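Engineer: Next up is a structure, given as structure tokens.
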Amino acid sequence: YIATGKDLLFTDSTFENQAELLKLLALHSVNHALKTRKTVLKNNSKLSADPDGLVDDMKDQGFTRPKILLLFPFRNVAHKFVHQVLKIALTGSKKQVSNKKRFEDEYGPGEVEKPNLSKSLTYQKTFLGNNDDFFTLGVAFAKNSVKLYTDFYNSDLIVASPLGLRSVVGAPGDKERDYDFLSSIEVLSLFMSDVFLMQNWEHLIHCLEYLNLQPTSPQHTDFSRVKKWALEGHGRHYRQNLVFSSQVLHKYPPSSVKSVSVREAGKSVPPLQ
């Protein structure tokens, strides 16, 4: 279903189907990123042969490179997702992963703690492994490799927690803040969004407000290649929004729903029977 580009609200996410959902999400993310990259490289070759041959079909870019934003509540879930991405992307001659050891050190399970048996089984499974909720990670695809910890402006995917992303986005008045890298997001995924509600929902909403805005600086943009709908400020309406949760979130404020999904093509999927 998500391959159609329509919005999705899936409210039957469980620990039992988590691996399958992460695999599906990774496949969709890699497919979107590689198709985008292939189109850009193809048009680069055409323009290299004929610098004056730019046509509307070659307007294939956004303001910045990152096209996919994936938000997770904990490093342990991000770790599982990135491993799925590597399994899918590392085919054929693509066998190099930069900074993999660093990634395993920072996102891997580390020392396994004994479960807190006084808590519910759901609680134990939720916080199993590396439950740090402060992180951001850039992922980029190259011809023969996958690069981790890339600068956001050189990344295809951005994997983050709401808290980690908010620390970068900042707030009005902050001396150091940056959000132009969010100006061209075409796929947004909120995984385990019910956990976001238990953390700090405001962090999530704050970050979403900075998606698909006109960039404050033109230094990362080739305006001759920017898609028309992006130039006209309609990026949010062309963004696919994927929301995964274990339940229907009745506590969503109305403004939150509007911030997450503004496309007419959206569709809510009820729990499986």
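The values are calculated or read from the model by the stated rules, or taken from the named source; none is laboratory data. Only a predicted model underlies this, so the values are computations on that prediction, with no experimental measurement involved. Here the Cβ is made from the backbone with ideal geometry for all residues, glycine too, and neighbour counts use every protein chain on show. When the accessible area is computed, the model is the full protein with side chains, heavy atoms only, and any ligands, DNA or RNA have been set aside. Shrake-Rupley method; radii C 1.70, N 1.55, O 1.52, S 1.80 Å.
Engineer: Peptides 60-67, 138-145, 113-120: what's the order by average Cβ count within 10 Å, highest mean first?
Structural biologist: On the way: 60-67: 22.0, 138-145: 16.8, 113-120: 9.2.
Result, highest mean first: 60-67, 138-145, 113-120.
Engineer: I've got another one for you. Using Cα extents along the principal axes in Å as the read-out, say which of (1) 48, 43, 37; (2) 69, 46, 44; (3) 56, 55, 30 was calculated from these coordinates.
Structural biologist: Recomputing Cα extents along the principal axes in Å here picks out (2).
Engineer: Once both labels are modelled 7 Å past Cα along the beta-carbon direction, what's the LEU117-ARG102 spacing in nm?
Structural biologist: Result: 4.1 nm between the two label points.
Engineer: Grab the Cα-Cα distance for LYS125 and ASP151, subtract it from 0.36 nm times how many residues apart they are, and report the gain in nm with one decimal. Mind showing how you got there, number by number?
Structural biologist: Details: separation 26, 0.36 × 26 = 9.36 nm, distance 3.21 nm.
Stretched out fully, the LYS125 to ASP151 stretch lengthens by 6.1 nm.
Engineer: Moving to a separate point now. Could you compute the net charge surrounding ASN44? Neighbours are other residues with a C-beta less than 11 Å from the C-beta of ASN44; K and R count +1, D and E count -1.
Structural biologist: Working: positive: ARG37, LYS38, LYS42, LYS46, ARG225; negative: ASP60, ASP222.
It works out to a net charge of +3.
Engineer: Once you order the gyration tensor axes a ≥ b ≥ c over the Cα atoms, which shape class does the range 159-204 get: rounded for a/c under 1.5, otherwise prolate or oblate by comparing a/b with b/c?
Structural biologist: Working: a/c = 2.84, a/b = 1.34, b/c = 2.12.
Because a/c hits 1.5 or more and a/b fails to exceed b/c, the range 159-204 counts as oblate.
Engineer: How much solvent-accessible surface does SER29 expose, in Å² to the nearest 10, with a 1.4 Å probe and all protein chains in place?
Structural biologist: 0 Å²
Engineer: Continuing with this model, one more query. In whole Hz and in residue order, list the ³J(HN,Hα) couplings for the range 10-25 that follow from phi through the Karplus curve 6.51 cos²θ - 1.76 cosθ + 1.60, θ = phi - 60°; x for Gly and Pro.
Structural biologist: Result, rounded to whole Hz: 10, 10, 10, 6, 10, 5, 6, 9, 4, 4, 5, 5, 5, 5, 4, 5.
Engineer: Continuing with this model, one more query. Taking the solvent-accessible surface of protein heavy atoms with a 1.4 Å probe, what is the per residue accessible area of the chain in Å²? Intermediate values should be presented prior to the final figure.
Structural biologist: Values: 14530 Å² over 273 residues.
Per-residue value: 53 Å².
Engineer: Structure shown: which of LYS23/LYS143; LYS59/LYS87; LYS6/LYS147; LYS23/LYS101; LYS6/LYS42; LYS87/LYS227 lie over 24 Å apart, alpha-carbon to alpha-carbon?
Structural biologist: On the way: LYS23/LYS143 22 Å; LYS59/LYS87 31 Å; LYS6/LYS147 29 Å; LYS23/LYS101 22 Å; LYS6/LYS42 26 Å; LYS87/LYS227 31 Å.
Long pairs (Cα-Cα over 24 Å): LYS59/LYS87; LYS6/LYS147; LYS6/LYS42; LYS87/LYS227.
Engineer: At a 1.4 Å probe, what is the % contribution of carbon and sulfur to the accessible area of the chain?
Structural biologist: 53 percent
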